[in-house]
Amino acid sequence: MSEALVATQAAGTGPALPAASGARQFWRRLWTQRAALVAAAVVALLVLLALAAPLLTAIEGQDPTTYHPSLVDSARGGVPVGPFGGVSGDHWLGVEPQTGRDLFARLVYGARVSLGVALTATAVQVLIGVVVGVAAALGSQWVDQVLSRLTDIIVALPLMIMALALLAIVPSNFPRPLLVALVIGLVAWGNIAKITRAQTLTLKGLDYVSAARLSGWSTWRIARRELLPGLAAPVITYAALLVPINITVEAALSFLGVGVKPPTPSWGQMLTAADVWYQAAPQYLLLPAGALFVTVLALTVLGDGVRTALDPRAASRLRVGTGRRQEAKATAPVATEGAS
């Protein structure tokens with residue numbers, strides 16, 4: 001709530017409103033959603049595995065780039081020697097066909113790249129989208145028209161085609177994971193800019209923003225102190241759903257050969273190399289595909305939980321049985337009174 005409006009109420013010209021802890025209410029609502037909590041635990045575990053990749057591979061005694069030609073059968077085209085793709089005490093998930101590189105090491109290091117690219121791209125999208133959306137809503141009619149048309153152009157551009165074109169012309173010595181993240185962020189910020197602009201236009205008409213404007217606050221101060229807190233809920237919600245989208249985009253770009261370059265591992269790159277080994281060494285395809293599926297599913301469920309916790313009026317699309325039983329218990333007394 002606006003500081004100007006609070007001061008007016010304290011002076012006796014308006015009713016005093018009790019301060020409520022939005023963060024506390026958010027965590028309480030999120031805590032009641034078991035699906036979101038499980039998804040959060042899965043995401044936390046994946047992030048922990050990615051951060052601890054050097055430690056985990058050191059415990060295993062392997063690294064993601066060392067070749068082990070003795071662990072593959074060259075007479076059969078490079079199929080891993082041993083059961084389950086060469087699983088052993090030295091190679092926990094087996095080895096890569098043809099090269100013999102350790103799959104566990106490449107999988108956890110690939111998580112660092114895939115998650116890092118997705119989070120960096122999401123941060124770039126949010127930063128650009130919020131700045132453009134707020135500037136369009138608070139600027140003059142001419143500024144709004146220019147920024148809105150620019151946003152429409154960005155939204156209309158095909159993401160994959162633009163990313164392929166940009167990644168193809170950048171020099172190869174530029175750090176590839178950072179480049180992929182920047183390209184995704186710079187090409188796909190249009191939707192969050194539209195959401196931010198629409199929400200800012202709604203907030204502009206509320207009483208506490210009008211009170212701040214009448215108090216002589218500058219546009220920058222109003223945006224920083226009054227509008228940005230109100231934009232937190234929709235922006236955080238959309239950002240939570242952008243992360244899994246960006247993971248799949250990075251995987252698709254790597255699958256097409258313009259993403260992360262070898263020997264740096266990523267899940268999309270592993271899928272690219274595994275497309276001809278799904279019969280001879282199925283674990284080489286199933287491991288990165290399964291990791292990608294679990295990550296995207298967990299982030300999507302968590303994003304839905306965050307959306308519902310920030311907006312309790314919105315019914316979750318992923319309600320579990322407990323939630324439905326709780327709703328039935330809550331509506332039972334109402335039905336009983338109506339019958340009596």
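All of the numbers you see were taken from the coordinates with simple rules; none came from a lab. None of these values were measured; they are calculated from a predicted model. Glycine also receives a Cβ, built like all others from the backbone with ideal geometry; neighbour counts cover every protein chain displayed.
Find which of LEU186, PRO282, GLY129 sits farthest along the positive direction of the dipole of the chain, computed with +1 on the beta-carbon of Lys and Arg, -1 on that of Asp and Glu, about the Cα centre.
GLY129
Residue separation times 0.36 nm, minus the C-alpha to C-alpha distance between THR219 and LEU48: what's the value?
Numbers: separation 171, 0.36 × 171 = 61.56 nm, distance 4.14 nm.
Stretched fully, the THR219-LEU48 segment lengthens by 57.4 nm.
If one computes the Cα centroid of the stretch 223-249 and of the stretch 133-182, what distance in Å separates the two points?
17 Å
For the Cα atoms of the chain, what angle does the longest principal axis make with the long axis of helix 159-169, in degrees from 0 to 90, nearest 10?
Relative to the chain, helix 159-169 is tipped by roughly 60 degrees.
Write down, largest first, the equivalent ellipsoid semi-axes of the stretch 34-312 in whole Å, where each equals the square root of 5 times an eigenvalue of the alpha-carbon gyration tensor. Present the calculation step by step, with values, prior to reporting the outcome.
Values: eigenvalues 394, 82, 38 Å².
The three semi-axes for the stretch 34-312 are 44, 20, 14 Å.
Run lengths n ≥ 4 of DSSP H only: what is the helix-derived mean residue ellipticity at 222 nm for the chain, with -39500 (n - 2.57) per run over all residues, to the nearest 500?
Taken over the chain, the calculation gives -22000 deg cm²/dmol.
Which is farthest toward the positive dipole end of the stretch 34-312 among VAL260, VAL146, ALA165, measuring Cα position about the Cα centre, with Cβ charges +1 (Lys, Arg) and -1 (Asp, Glu)?
VAL146
Zone of VAL294 (label point 7 Å along Cα→Cβ, backbone N under 14 Å): which residues in the stretch 48-75?
Hits in the stretch 48-75 for VAL294 at 14 Å: 48-50.
When only Cα pairs under 8 Å and 6 or more residues apart are kept, what is the percent relative contact order across the stretch 27-170?
This gives 17 percent for the stretch 27-170.
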